[in-house]
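Asks: This is the structure I want to talk about, given as structure tokens.
The values are calculated or read from the model by the stated rules, or taken from the named source; none is laboratory data. This one's a predicted model, so the numbers in the text were calculated from it and none came from an experiment. Every residue, glycine among them, receives a Cβ derived from its backbone with ideal geometry; neighbour counts consider all protein chains shown. For the accessible areas, the whole protein counts, side chains as well, though only heavy atoms, and no ligand, DNA or RNA atoms are used. Shrake-Rupley method; radii C 1.70, N 1.55, O 1.52, S 1.80 Å.
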Amino acid sequence: MKFKFLVSVAILLCSSVVAIGQKQPLRLHYDKPAANWEQTLPLGNGRLGMMPNSGIVSEKIVLNDITLWSGSPQDANNYDAYKKLPEIRELLLAGKNVEAQNLIDKDFVCKGPGSGGKQWGCFQTLGDLNLQFDYGNADAQKFTNYQRELSLDNAVAKSSFQLDGVTYKREYFTSFSDDVDVIKLTSDKPGKLNFSINLTRKERSITTVKGNILQMEGRLDNGTDGNGMQYIANVKTKLTGGTLTTADNTLVIKNATEVIIYLSATTDFKGVGFKVKMEQNLATAMKKPYALLKQEHTTKFKKLFDRVSINLGKSNDNETTDQRLISFHNNPDKDKLLPVLFYQYGRYLNICSTRVGLLPPNLQGLWANQIHTPWNGDYHLDVNVQMNHFPVEVSNLSELNLPLVELVRGMVKNGERTAKAYYNADGWVAHVITNVWGWTEPGESASWGVTKAGSGWLCSNLWDHYAFTNDRVYLKNIYPILKGSAQFYNSILTKDPKSGYMVTVPSSSPENSFVMPDGSGRHASICIGATIDNQIMRELFANVITASETLGLDADFRNQLKKRLNEIPPAGIISKDGRIQEWLEDYKETEPTHRHVSHLYGIYPASEITADGTPELAEAAKKTLNVRGDDGPSWSIAYKLLFWARLHDGNRAFKLFHELMKPVTGTGINYTAGGGIYPNLLSAGPPFQIDGNFGAEAGIAEMLIQSHEGYINLLPAIPDSWKAQGSVNGLKARGNFTVDMQWKDGKVTAYKITSPQAQKVKVKINGKIKLINSGKSLILI
């Protein structure tokens with residue numbers, strides 16, 4: 001009885017600690033309108049997105065649809081490329097890397113302009129919804145009590161201000177339940193809303209008014225005959241009081257007290273009935289009372305968002321978010337809630353930027369304000385799209401991995417053609433970049449475009465979903481994709497006469513280069529057996545072996561892969577200066593602080609180098625990271641945060657988080673140091689790249705829980721700043737375990753680990769590994 005009483009008390013205490021943390025609102029808030037796009041607040045439902053600036057006189061709401069792409073499918077494979085492969089290999093094995101790279105540039109890249117061509121395409125903004133307000137004789141510059149905020153708990157943005165004795169309010173959400181954008185405007189005195197509405201886009205659009213409906217439609221360039229993807233957007237309104245008229249393709253509202261704006265938009269991406277669907281969504285949403293529409297939206301969003309809660313202590317929510325970011329960067333220990341806010345913001349962005357059945361988040365999630373987005377707003381396969389998915393499993397958003405699975409599935413057929421065209425190989429391959437059209441060919445330059453780690457790295461993300469869910473039906477579904485990737489790498493291996501290893505030839509380490517050791521001073525990117533290739537193959541082969549055994553398939557191929565694991569290079573080779581080599585040869589880097597740290601793939605996302613299991617390689621990895629430095633574009637800083645968390649150095653990981661939370665306003669293209677965070681907490685490369693948000697989200701989770709070493713490790717890398725007290729509810733561990741815990745002074749004081757079926761699991765708690773049964777009861781320590 002005494003034990004039961006103590007357990008009950010502990011559960012109440014744990015619940016109250018979490019409740020205290022969750023009572024602190026998860027919100028971004030500001031005291032002025034957004035001056036630029038990087039200050040606007042992102043709303044999205046996995047397909048549609050909008051970012052309002054909440055201006056007083058002019059409001060600009062940038063609109064997005066994740067499926068809106070220019071370009072079209074193409075076959076840019078060079079089907080004669082494989083004929084040059086023997087010569088390329090001969091040159092590389094003879095140490096003539098520069099000559100091999102020149103030959104690749106000539107005969108072994110894609111046909112045509114590649115990602116620089118119109119047919120490649122790019123993710124584009126849908127356009128702008130513009131509201132122009134008229135306050136009569138009042139001076140619009142004399143507004144007071146301005147507030148603007150985004151609630152992460154409800155996925156609703158708001159703004160309010162007072163002008164000439166009137167309180168004006170606006171509320172925005174992108175409906176998860178009805179798939180439309182909704183904006184509600186009110187004044188607390190009757191008849192004070194006077195404004196116009198129009199839709200604009202910089203190119204390829206026609207805006208018209210049909211009755212009381214504002215419509216914009218158009219067709220993007222497919223890169224061939226100009227007749228690419230079609231899109232359409234309709235705007236309708238509901239008024240309380242006042243009148244609605246039209247003029248010059250604009251809706252004009254006068255003397256209203258409340259106005260609700262509904263915007264429905266669709267494209268013909270994989271859908272011929274897109275116009276009918278747009279009209280149906282709009283009609284269905286408008287039939288519902290506003291309160292019900294908002295409630296259903298919030299309820300559906302919260303089913304995902306409320307799965308996880310974290311409490312690290314006191315907040316500093318009184319400051320506006322932009323000022324709070326500055327204060328945190330100056331003194332990170334005073335604001336315990338900002339890391340929680342940033343982590344949950346990452347989860348919010350996960351939920352808002354993708355949905356099952358559609359596309360995964362691209363370089364910008366689903367938010368863009370340009371026709372030609374940076375780097376085409378595409379899917380980079382040498383860390384970026386993978387980083388977008390690093391956090392979803394541990395953050396209890398497992399189903400959000402599935403859109404990536406389908407994107408990859410759509411690449412396989414072309415990837416098989418690419419494998420034959422360039423390597424005369426089995427299986428399928430993808431290189432550095434892809435788009436919604438299934439591109440797998442090398443890029444247009446040897447210096448970066450022939451890295452072929454992309455397909456193997458994607459398979460790591462696919463495997464993670466199985467590792468966290470134990471879903472054997474899913475495993476059977478993805479097994480052909482994993483097997484095909486392993487077949488490719490297995491069939492291209494060549495013996496290096498110098499080391500005796502079976503290696504990839506040609507190879508390269510993503511976007512990096514080295515100094516030729518012949519004293520000529522020349523640089524090269526092409527090599528044999530880059531470390532990332534070896535690490536990816538080791539992980540992929542091991543996963544395919546496990547899948548084959550689990551499913552009872554392909555015993556002969558399984559045995560081939562087991563043999564290969566003894567023939568390919570190890571996960572890491574330690575150089576003379578104590579670092580992990582980036583290449584099979586110990587080349588000198590041309591840029592020691594390069595943004596990519598691809599040769600530490602074995603630490604994360606793989607588990608080939610671990611703090612406890614391979615201590616010598618772990619120490620070499622630390623030296624590698626120290627030379628690389630902490631700065632870089634935002635995604636690079638986030639990746640280093642992940643590495644230090646996996647190496648169980650919580651204080652260094654927190655230092656990287658602090659480095660990442662550097663206020664940034666610039667928007668120019670950056671490849672080196674200077675990454676940080678914009679005032680709206682979106683990741684600044686610069687420019688905006690959403691992978692920095694998602695990488696940091698994953699890093700915070702890894703500081704609190706890890707499960708890649710065969711056991712669940714609680715607080716493996718907790719920094720001193722978070723040790724005083726805290727709690728976590730709902731994080732996930734491999735094996736389909738859900739973890740709750742609380743701690744004090746850096747020690748776990750209570751925990752609960754549950755799973756759909758009770759089972760034994762190893763858990764490392766306060767430095768000791770225990771074998772426990774997963775269950776529903778809280779365990780006190």
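Asks: Around PRO615, under 14 Å between beta carbons, what's the net of Lys plus Arg minus Asp minus Glu among the other residues?
Replies: -3
Asks: Ok, one more. Does the range 86-232 classify as rounded, prolate or oblate by the C-alpha gyration tensor (a ≥ b ≥ c root eigenvalues; a/c under 1.5 gives rounded; else a/b over b/c gives prolate, otherwise oblate)?
Replies: It comes out prolate by the Cα gyration axes.
Asks: Also: Given Cα pairs under 8 Å that are at least 6 residues apart, what percent is the relative contact order of the range 387-543?
Replies: 20
Asks: Then there's this: Could you tell me which of rounded, prolate or oblate describes the range 651-771, using a ≥ b ≥ c as the square roots of the eigenvalues of the alpha-carbon gyration tensor, with rounded for a/c under 1.5 and, failing that, prolate when a/b is larger than b/c and oblate otherwise?
Replies: prolate
Asks: Can you list residues whose amide H is under 5 Å from VAL156's amide H, if they're 5+ apart or on another chain and H is modeled 1.01 Å from N?
Replies: SER151
Asks: Counting only residues 5 or more places away or on other chains, whose amide H sits under 5 Å from the amide H of GLY726 once H atoms are built in the peptide plane?
Replies: TRP743
Asks: Let me ask something additional. If each of ASN249 and LYS334 carries a label point 7 Å out from its Cα toward its Cβ, how far apart are those two points in nm?
Replies: Using points 7 Å along Cα→Cβ, the separation is 5.2 nm.
Asks: Which loop trypsin sites (Lys or Arg not before Pro) in the range 677-781, with loop taken from DSSP, have no more than 15 other Cβ atoms within 10 angstrom of their Cβ?
Replies: Taking the range 677-781 and a limit of 15 other Cβ atoms within 10 Å, the loop trypsin sites (Lys or Arg not before Pro) found are LYS776.
Asks: Continuing with this model, one more query. LYS287: which aspartates and glutamates have alpha carbons under 20 Å from its alpha carbon, excluding same-chain residues fewer than 8 sequence positions away?
Replies: Filter leaves GLU171, ASP178, ASP179, ASP181, GLU258, GLU279, GLU296.
Asks: Still on this structure, I have one more. So if I place +1 on the C-beta of Lys and Arg and -1 on the C-beta of Asp and Glu, and nothing else carries charge, what would the dipole magnitude of the range 289-366 be about its Cα centre? I want it in debye, nearest 20.
Replies: 340
Asks: Once the dipole of the chain is set up with Lys and Arg at +1 and Asp and Glu at -1 on Cβ about the Cα centre, which of VAL259, THR125, PHE657 lies farthest towards its positive end?
Replies: Selected residue: VAL259.
Asks: Can you give me the Kirkwood hydrodynamic radius for the range 522-575, using every pair of distinct Cα atoms, in Å to one decimal?
Replies: About 12.5 Å, per the Kirkwood formula over Cα pairs.
Asks: What's the carbon and sulfur percent of the chain's accessible surface, probe 1.4 angstrom, rounded to a whole number?
Replies: Percent of accessible area from carbon and sulfur atoms in the chain: 50.
Asks: Right, another one. How far apart, in nm, are two points set 7 Å out from the Cα along the Cα-to-Cβ line at ASN626 and at GLN560?
Replies: Taking the simple label geometry, ASN626 and GLN560 are separated by 4.4 nm.
Asks: Each residue of the range 403-409 in turn: what ³J(HN,Hα) in whole Hz from Karplus with 6.51, -1.76, 1.60 and θ = phi - 60°, glycine and Pro shown as x?
Replies: My calculation for the range 403-409 gives x, 5, 4, 6, 4, 5, 4 Hz in order.
Asks: Further question: Which residues does the label zone of ARG219 cover in the range 261-278, counting backbone N under 13 Å from a point 7 Å along Cα→Cβ?
Replies: 268
Asks: Would you mind getting the accessible area per residue of the range 117-232, heavy atoms of the protein chains only, 1.4 Å probe, in Å²?
Replies: Normalised by residue count, the accessible surface of the range 117-232 is 40 Å².
Asks: With the contact rule set at Cα under 8 Å and sequence spacing of 6 or more, what percent relative contact order holds for the chain?
Replies: 13 percent.
Asks: Regarding the range 571-666, what's the average projected area of the Cα-atom convex hull, expressed in nm²?
Replies: 6.2
Asks: Report, by chain and number, residues whose modeled amide H sits under 5 Å from the one on ILE765, excluding near sequence neighbours (fewer than 5 apart, same chain).
Replies: Sorted by chain and number, the residues that satisfy this are LYS770.
Asks: Mind checking which lysines have their C-alpha under 16 Å from LYS254, skipping anything on the same chain fewer than 8 residues away?
Replies: Output for LYS254: LYS184, LYS189, LYS192, LYS236, LYS238.
Asks: Using unit Cβ charges (K, R positive; D, E negative) and no other charged atoms, how large, in debye to the nearest 20, is the dipole of the range 169-319 about its Cα centre?
Replies: 400
Asks: Short version: ³J(HN,Hα) in whole Hz for each residue of the range 623-639, in order, from phi by Karplus 6.51 cos²θ - 1.76 cosθ + 1.60 (θ = phi - 60°), x for Gly and Pro, what are they?
Replies: My calculation for the range 623-639 gives 5, 4, 5, 5, 6, 4, x, 8, 7, x, x, 4, 5, 5, 4, 4, 5 Hz in order.
Asks: Starting from the Cα of ALA140, step 7 Å along the direction of its Cβ; do the same at VAL473; then give the gap between the two resulting points in nm.
Replies: Once both label points are built, they end up 5.5 nm from each other.
Asks: Still on this structure: Run lengths n ≥ 4 of DSSP H only: what is the helix-derived mean residue ellipticity at 222 nm for the chain, with -39500 (n - 2.57) per run over all residues, to the nearest 500?
Replies: Rounded to the nearest 500, it is -10000 deg cm²/dmol.
Asks: For the range 462-503, what is the accessible area per residue in Å² when the probe is 1.4 Å?
Replies: With all protein chains present, the range 462-503 gives 41 Å² per residue.
Asks: So, one more: What is the spread of the Cα atoms of the range 508-649 along each of their three principal axes, largest first, in whole Å?
Replies: 51, 37, 26
Asks: Let me know the longest stretch in the chain that avoids all GluC sites (Glu not before Pro) found in a DSSP loop with at most 13 other C-beta atoms within 10 Å.
Replies: Counting at most 13 other Cβ atoms within 10 Å as exposed, the longest clean stretch of the chain is 204-566.
Asks: Over the range 286-402, with the other protein chains present, what is the accessible area per residue in square angstrom, probe 1.4 angstrom?
Replies: On a per-residue basis, 31 Å².
Asks: In whole Hz, what ³J(HN,Hα) sequence does the range 701-707 give by Karplus (6.51, -1.76, 1.60; θ = phi - 60°), x for Gly and Pro?
Replies: 4, 5, 5, 9, 8, 9, 8
Asks: Something else about it: Give the value in nm², to one decimal: projected area of the alpha carbon convex hull of the range 228-315, averaged over all directions.
Replies: Averaging across all directions leaves 10.6 nm² for the Cα convex hull.
Asks: Assuming a ≥ b ≥ c are the square roots of the Cα gyration tensor eigenvalues, decide whether the range 355-437 counts as rounded (a/c under 1.5), prolate (otherwise, with a/b larger than b/c) or oblate.
Replies: oblate
Asks: Compute the distance from the alpha-carbon center of the range 692-765 to that of the range 120-177, in whole Å.
Replies: 39
Asks: What span do the alpha-carbon atoms of the chain cover on each of the three principal axes, reported in whole Å from largest to smallest?
Replies: Principal extents (largest minus smallest coordinate, Cα): 84, 78, 50 Å.
Asks: Stretched out fully, how many nm does the piece from ALA758 to ASN212 gain, at 0.36 nm a residue minus the Cα gap?
Replies: My answer for the length gained is 190.7 nm.
Asks: Now a separate question. Express in nm, to one decimal, how much length is gained between ARG89 and GLU549 on full extension, taking 0.36 nm for each residue of separation and deducting their alpha carbon distance.
Replies: Net length gain for the segment: 162.1 nm.
Asks: Report, ordered by chain and residue number, the aspartates and glutamates lying within cross-link reach of LYS662, taken as a straight Cα distance under 17 Å and ignoring same-chain residues fewer than 8 apart.
Replies: Qualifying aspartates and glutamates at Cα under 17 Å: GLU38, GLU319, ASP322, ASP333, ASP335, ASP630, ASP631, ASP691, GLU697.
Asks: I'd like the FRET efficiency for GLU406 and LEU292, computed as 1/(1 + (r/R0)^6) with the beta carbon distance as r and R0 of 35 Å, rounded to 0.05.
Replies: 0.60
Asks: If you don't mind, another one. Do any of LYS158/LYS202; LYS420/LYS476; LYS300/LYS732; LYS60/LYS277; LYS452/LYS762 go past 29 Å between their Cα atoms, and which?
Replies: As for pairs spanning more than 29 Å Cα to Cα, those are LYS452/LYS762.
Asks: Could you compute the net charge surrounding ARG409? Neighbours are other residues with a C-beta less than 14 Å from the C-beta of ARG409; K and R count +1, D and E count -1.
Replies: Net charge in that neighbourhood comes out at +2.
Asks: I've got another one for you. Net charge near TRP583, counting Lys/Arg +1 and Asp/Glu -1 over other residues with Cβ under 11 Å of its Cβ?
Replies: -4
Asks: Follow-up. Heavy atoms of the protein only, probe of 1.4 Å, neighbouring chains included. What is the accessible area of LEU402 in Å², nearest 10?
Replies: For LEU402, solvent-accessible area is about 50 Å².
Asks: Taking the alpha carbon gyration tensor of the range 28-149, what are the square roots of 5 times its eigenvalues, largest first, to the nearest whole Å?
Replies: Square roots of five times the eigenvalues give 54, 17, 12 Å.
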